Amino acid sequence: MPYCEVDRYQDGEQWEGVRLFYTRHGRGATKVLLVVGLAGTGKSWAPQIKGLTGSVEPADEENAAAAPQTADEETGGAAAAPEDDDGEGIEVCCFDNRGVGSSTILPQKSHYSTTIMAKDALALLDHLGWKKAHVFGHSMGAMISCKLAAMAPHRISSLALLNVTGGGMECFPKLDGPMLSLAFRFLRATTPELRAHVDLDTHYTKEYLDEKVESCTRREVLYKEYVKNISSTGMQSSCGFEGQLNSCWTHKMTTKELDTIRDAGFLVSVIHGRSDIIAQLCHARRLAERLAPAARMVELQGAHLVSHERPEEVNNALMELIKATKSMTTPHEWSSQPENTSGLIMMGFEHMRNIVRVMKPVKVAAIES
């Protein structure tokens, strides 16, 4: 199993070394590092791994490590997707953050912060031999990616922040009855079955979960998958969860750090689900504004796991970012372009479908009466 050994010293304090479990997918000059969110493992990126590389199967580690460096890797330019005419492809690496999955779980909260985990990601880039990479992060992973981009902007080809917040108080969802109920259920979720129910209601929109998939609903299909995945990997340890949660709570991007990202010259996409109840949309919009003109805001119909709920639209947005980097699009040109129009098309489709749903019950009710 591939592991990256992280330096045993962090901020002058010594503890046992950290091992990060990672997998590599695809092959090509374009390098993409995927940084997962709170309590998630690298497997959570499956829809994006398949969309970017064409397969979710890990690449042969020895062959991937022996692959020669190309001109694109030296310059940080993006190569084309696997299906493009020039035949160049994309190599993706995803990993388990410290505190979850097959990576080291440290007992103390002081061993977790977005800065420390950004150093983990940087160590992984060094381990892989990647001079530059497109860095895509989700939720807590987007916070980590921000820190990494501010820490080592010369290592970033482009930056995508999915369902991101600014940390601290911004981590608090909008408090209402349904949200408080979800929080209470989460604290009581001590089995894979209970946790799966909470995760579904937290990560997806009700409309998406209620969609029919053959003879059952999407909720029923996802529930079985969630229980299977949680059971196979085990529930996250309390110290790992509390450590990662602490990193979100203590996360903050200073004006100087945001200026560093904005002025570095690479392009940024802030991608967010409009119905996200965990990371509120207003915080993502504010971050995009603070990173202007380097950042483009892409709003899609979906919740916190919009990357799963709308994978094709998210993958299109990520590919647009890679291709714009390859074509050397300037930040002003990037941010002045309209956001992914597929989201608007889907909104129109959803609106028409809702109209049909409203009209249908009138006829049915008349028959039933």
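Residues in region 260-281 that are farther than 21 Å from LEU245 by Cα and either without any contact (Cβ under 8 Å) to a residue 12 or more places away in the chain or assigned to a helix (DSSP H, G or I) (or both): 4 in all.
Scanning region 262-279 turns up at least one residue that is β-branched (Val, Ile, Thr), open to solvent by 10 Å² or more (accessible area, probe 1.4 Å) and closer than 29 Å to GLU207 by Cα. For region 130-149, a residue qualifies if it is within 21 Å of GLU320 (Cα to Cα) and in contact with a Gly (Cβ under 6 Å, 6 or more places away or on another chain), and the qualifying residues are LYS132, HIS138, SER139, GLY141, SER145.
Criterion first (out of contact with any Phe, Trp or Tyr (no Cβ under 7 Å at 6 or more places or on another chain), at pLDDT 95 or above and closer than 21 Å to SER237 by Cβ) does GLY37 satisfy it? So GLY37 fits the description; yes. In region 111-125, the residues that are touching a residue at least 40 places away in the same chain (Cβ under 8 Å) and surrounded by fewer than 23 Cβ atoms within 10 Å (Cβ to Cβ) reach residues that are in a helix (DSSP H, G or I) and among the basic types (Lys, Arg) with C-beta atoms within less than 7 angstrom, at least six apart or across chains, in these pairs: LEU125/ARG155.
Within region 37-53, the set of residues being farther than 18 Å from ALA279 by Cβ and out of contact with any strand residue (DSSP E or B) (no Cβ under 7 Å at 6 or more places or on another chain) comprises THR41, LYS43, ALA46, PRO47, LYS50, GLY51. Whether a residue is open to solvent by 50 Å² or more (accessible area, probe 1.4 Å), of a type outside the set (Gly, Ala, Ser), under 22 Å from GLY302 (Cβ atoms) and more than 24 Å from the chain's Cα centre (by Cα) was assessed, and LYS212 passes this test. The numbered conditions (1) within 22 Å of the chain's Cα centre (by Cα); (2) open to solvent by less than 40 Å² (accessible area, probe 1.4 Å); (3) over 21 Å from VAL306 (Cβ atoms) are all true for THR233 except (2). Within region 183-194, residues that are under 17 Å from LEU38 (Cα atoms) and open to solvent by less than 60 Å² (accessible area, probe 1.4 Å) reach partners that are assigned to a helix (DSSP H, G or I) and of a type in the set (Gly, Ala, Ser) with beta carbons closer than 8 Å, at six or more positions or on different chains, in the pairs PRO192/SER231. When restricted to residues that are part of a helix (DSSP H, G or I), open to solvent by 30 Å² or more (accessible area, probe 1.4 Å), at pLDDT 90 or above and of a type in the set (Ser, Thr, Tyr), region 236-259 contains 2.
In region 23-39, the residues that are more than 16 Å from VAL135 (Cβ to Cβ) form Cβ pairs under 9 Å with partners that are among the aromatic types (Phe, Trp, Tyr) and crowded, with 24+ Cβ neighbours inside 10 Å, at six or more places apart or across chains, as follows: THR23/PHE95. Sort out which residues of region 138-182 are surrounded by fewer than 24 Cβ atoms within 10 Å (Cβ to Cβ), assigned to a loop (DSSP other than H, G, I, E, B) and in contact (Cβ under 8 Å) with a residue 24 or more places away in the chain, and write them in order of number. Within region 138-182, ALA152, GLY166, GLY167, PRO173, LYS174 meet the criteria.
The values are calculated or read from the model by the stated rules, or taken from the named source; none is laboratory data. This one's a predicted model, so the numbers in the text were calculated from it and none came from an experiment. Please note: Cβ atoms are built from the backbone with ideal geometry, for glycine as well, and neighbour counts cover all protein chains shown. All accessible areas refer to the heavy atoms of the entire protein, side chains included, with ligands and DNA or RNA removed. Shrake-Rupley method; radii C 1.70, N 1.55, O 1.52, S 1.80 Å.
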